[in-house]
Amino acid sequence: SISNTMAAVKNWVGGEVPRQLKEAGIEFALDQENSALFGQRANLGSGLQRQSRGLKQYISTNTYNAAGSLTEANFELNVLEPVFRYGSSEKILLASPRVCTALDIWGRQKLYIDKQQSTVLGLQVERYNSTHGRLSVIRHKGLTGQWNGVAFVIDPKYLRRVVLKGRQPQLLKNRQGNGIDGQIHEYFAEIGWEVQQEAPHAYMYGVTGGS
């Protein structure tokens, strides 16, 4: 929200409305991604389930607590071998900075930059090859703080976003009421996440380093 006075003011960084829309748009995108990873199903009255579960809540078959330094042997034995028993032979590893550090310590010889995917996604994607399958490794900047030491193995074939009809992510402008000398805009969506099978995915946590 912004007053019409502020909207009319020129400043060094450009208009205030575009700046706020950009910042709020980034937060909106992050909210959607966080719901995909960490969303918790909840009831909001009348028995209706109005919050969607994320991957962390779905995954039960393949979870691994590293409880310290992650070794290459434990990664292969407790993460890759189980998760590649199901689903596709190519998956995505969303890795926290600490997990990336562990991979760099002992897995550098198995990592190489995937230039094609990096160009498409606009971020660096590295490939990790094993006899179990291939991982596209992406350093996830949002997995910090309490989530540093966490990683998700995702099989995109069995995960999809579900959108209610007409409720796709969108920017709704001029939501202010009558008599308001200002502008109120809103980013809006009603979406959920369908994990069609949970076994092709994995969740790893408790990584403190690599050895």
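Among residues of the stretch 1-39 being in contact with an Asp or Glu (Cβ under 8 Å, 6 or more places away or on another chain) and either of a type in the set (A, V, I, L, M, F, W, C) or closer than 30 Å to P156 by Cβ (or both), the one that is least open to solvent (accessible area, probe 1.4 Å) is I2.
A search for C-beta distances below 6 Å between a residue of the stretch 87-100 that is assigned to a strand (DSSP E or B) and any residue that is of a type in the set (S, T, N, Q), counting only pairs 6+ apart in sequence or on different chains, returns I92/S136. Within the stretch 8-30, restricting attention to residues that are modelled with pLDDT under 85 and not charged (D, E, K, R), the residue that is farthest from Q183 (Cα to Cα) is W12. Applying the condition of being more than 18 Å from the chain's Cα centre (by Cα) and among the small types (G, A, S) to the stretch 129-179 and asking which residue is surrounded by the most Cβ atoms within 10 Å (Cβ to Cβ) yields G133. Note on the stretch 180-211: among residues that are of a type in the set (D, E, K, R) and within 16 Å of R160 (Cα to Cα), the one that is most open to solvent (accessible area, probe 1.4 Å) is E194.
Listed by first and then second residue, the pairs with beta-carbon distance under 7 Å, at least 6 apart or on different chains, first residue in the stretch 22-42 and over 16 Å from F188 (Cβ atoms), second open to solvent by less than 40 Å² (accessible area, probe 1.4 Å) and not in a strand (DSSP E or B), are A36/G54; A36/L55; L37/G54; L37/L55; F38/G54; G39/S52; G39/G54; R41/S52.
The values are calculated or read from the model by the stated rules, or taken from the named source; none is laboratory data. Bear in mind that the values here come from a model prediction, so they are computed numbers and not experimental data. Counting neighbours? That spans all protein chains shown, and the Cβs are built from the backbone with ideal geometry, glycine included. With ligands, DNA and RNA removed, areas are computed over all heavy atoms of the protein, side chains included. Shrake-Rupley method; radii C 1.70, N 1.55, O 1.52, S 1.80 Å.
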